[in-house]
Amino acid sequence: MAPSSAHLYNLESIIDSLPTANTWGPPTTTETTLNGVPYAPFSKGDKLGRMADWTAGKEGERGGRQQYNNRYRDNVYGAGAGMTTVFAVGEQNEDNTFSLVDRSQASSRGRGFGGRGGTVFGRGRGQRGGPNQRGGRGTFQRVGGARGGQQGYDQRGGGRGGRGGRRFGWKDWDKPQRNREASVQPKDTWRMLEEIDFSRLSKLNLDTGEGEDLDDYGFLYTYDRTYDKQPGAPTSQRKLTVLDRAAYNVSTSSDPIIQSLAEKDEASVFATDNILSMLMCAPRSVYSWDIVMLKEGNKIFIDKRDGSSLDMVTVNENAAEPPLEISEGNKDTNNAPGALKEEATHINNVFPTQVVSESEMSKHDMNNEHPFYNAAEETDPPASKAYRYRRFDLSLEADAEPLHLIVRTELDAVSKNNISGEDQMLVIKALNEFDNKAQGSGGALDWRTKLASQRGAVVATEMKNNSCKLARWTTQAILAKADLMKLGFVSRANPKSTSDHVILGVLGYKPREFASQMNLNLNNGWAIVRTFVDMVMKENDGKYVLVKDPNKPTIRLYNVPRDTFEEDEEGGDQMAPLQEDGDDE
């Protein structure tokens, strides 16, 4: 069918209205702006990008989509290869001026985040006990108290303690969770009253003041200053020898002085420094322990059972990789936790008796005689020891009646001040080195070569690996109002044998200053004591047991029958002396 004349006229009029140039599409122009806005002609070969991409630049995005975004995000419609410079303005891509923190292998040494008081992230997959971290097993517990943050040494890695942390060893992430045994197994007759985690305890605070002296007993020998020679030097090394001396470890309820003070209503709570320090430093502990609390009327006796783990000295409890148990595949029986505890306890029983001069001319007698030594029954002379009974006020403003605590503290020696000539009371403890190359050494330095030149690094490593033990010793020194705390460095003569030991040197510290260095907050410790005292005080008379969970930072309070643990104590005398016979073994 032929087109009509009307149709032809309409088509011709449309053609006449078009430009005379032989082109197709909108007219082109050489201008680069259109009403002041940058403009570029498009090409049919240009690729069309996204008008808006809300997923670009997400943190943690990996692989395909992110790489595609980085490659094509600027290919806007009409921006051909030859015209991209038209849009190359400074504010085109503001993301280029920012950068994400590299979390792959951060290696920052020093104080960590927040300076001295800031929170420190540990190595690897997170940090044991860290309340804000997502990692699994930790590498070392933060060196620090419950308040004011923590300070650590030799920190590496760690963004979130999880995926971004540095991993050491093949399949370190695949290691099974360590399952330790509890110090005492709860029975069916035990009734659990409370369960409190360390994060809650760490937030408490109670100021008790300096305390007051009630009375003192025993005597002290003078400290031998020759042990203060250059630590680590060959001339200062001496063999650790055993002296037969009668030492006592009397529990709270068996102490005749405490019984007398309780009858006189001198206080409502009674304890010994060894037991009390464990409770005050509970948030630093890793191994399991238990404490017995006896309530009789309005009085509470914080006690321990016979054979309690509180009498043992731990080794590298807070290390990144603490010593393995025999059941965990440790074939080195000398370096298993149990064997190391026995070795450290033996050293701390022997060391204080060796570093004193047993001269009657320089002997310092306290106001009262030794409360536990009976010359008619003992064949060995008593060890240098003084007992101070001190009282602290745990009262709060809201209390209707005051709440006082009496603690029996211990001192080991006396020394003359070089300037004033006054007597200084000393607490003497010993750190021990087993094998710096063995599993569980916690990256410890070789004391024989580093103690003289890198004394600070050696002490810092011990603060990291033995945070709980050093915190307890420092707390005991402050409770006793000691002027100085002497720390001995004792090493094995042969790393493979536990029969002989060598004293490499002794360092002295003021207890308050040492507590400040390791962020030890005694006010937090007193608040922990007051918390558990309040829990027991509102209960009926009876026996209660605090048990630290062996695998979690948790403490549980149980109400137990009166005869609990008594069957284990019938065969032993609690006031029997701790004697060391024979050679150092």
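The values are calculated or read from the model by the stated rules, or taken from the named source; none is laboratory data. Because the structure is a prediction, the values reported are computed rather than measured. Counting neighbours? That spans all protein chains shown, and the Cβs are built from the backbone with ideal geometry, glycine included.
Within the range 340-355, track down each residue that is under 14 Å from D311 (Cα atoms) and touching a helix residue (DSSP H, G or I) at 6+ places or on another chain (Cβ under 9 Å). Result: L340, K341, E343, A344, T345.
Residues are listed down the side, and each one gets a yes or a no for (1) surrounded by fewer than 23 Cβ atoms within 10 Å (Cβ to Cβ); (2) out of contact with any Pro (no Cβ under 7 Å at 6 or more places or on another chain); (3) of a type in the set (D, E, K, R):
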site: S420; (1), (2), (3): yes, yes, no
site: L426; (1), (2), (3): no, yes, no
site: G440; (1), (2), (3): yes, no, no
site: G443; (1), (2), (3): yes, yes, no
site: D446; (1), (2), (3): yes, yes, yes
site: Q476; (1), (2), (3): no, yes, no
site: L479; (1), (2), (3): no, yes, no
site: K496; (1), (2), (3): yes, yes, yes
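Annotation note: of V313, V292, V250, the sole residue that is assigned to a loop (DSSP other than H, G, I, E, B), at pLDDT 95 or above and assigned by TED's automatic domain parsing to the domain that holds S202 is V313.
When restricted to residues that are in contact with a Lys or Arg (Cβ under 6 Å, 6 or more places away or on another chain) and over 29 Å from I428 (Cα atoms), the range 184-232 contains 2. Quick one: would you say L243 is part of a loop (DSSP other than H, G, I, E, B), of a type outside the set (D, E, K, R) and over 33 Å from the mean Cα position of the chain (by Cα)? It is true that L243 is part of a loop (DSSP other than H, G, I, E, B), of a type outside the set (D, E, K, R) and over 33 Å from the mean Cα position of the chain (by Cα). Just one of (1) in a helix (DSSP H, G or I); (2) under 20 Å from P553 (Cβ atoms); (3) out of contact with any strand residue (DSSP E or B) (no Cβ under 7 Å at 6 or more places or on another chain); (4) of a type in the set (A, V, I, L, M, F, W, C) fails for V286. It is (1). Looking across the range 531-555, the residues that are within 19 Å of S308 (Cα to Cα) and buried (at least 18 other Cβ atoms within 10 Å of the Cβ) come down to K543, Y544, V545, L546, V547, K548, I555. Considered as a group, the residues in the range 463-472 that are crowded, with 24+ Cβ neighbours inside 10 Å and of a type outside the set (K, R) include one that is nearest to the chain's Cα centre (by Cα), and that residue is S467. Test A493 against the criterion of being at pLDDT below 95, hydrophobic (A, V, I, L, M, F, W, C) and assigned by TED's automatic domain parsing to the domain that holds L279, and give yes or no. In short, yes. Scanning the range 194-236 for residues that are surrounded by 17 or more Cβ atoms within 10 Å (Cβ to Cβ), modelled with pLDDT under 90 and not hydroxyl-bearing (S, T, Y) gives P231, G232.
Assess whether M361 counts as being free of Cβ contacts under 8 Å to residues at least 40 places away in the same chain, closer than 26 Å to D197 by Cα and out of contact with any strand residue (DSSP E or B) (no Cβ under 8 Å at 6 or more places or on another chain). Considered against the rule, which asks whether it is free of Cβ contacts under 8 Å to residues at least 40 places away in the same chain, closer than 26 Å to D197 by Cα and out of contact with any strand residue (DSSP E or B) (no Cβ under 8 Å at 6 or more places or on another chain), M361 comes out as no.
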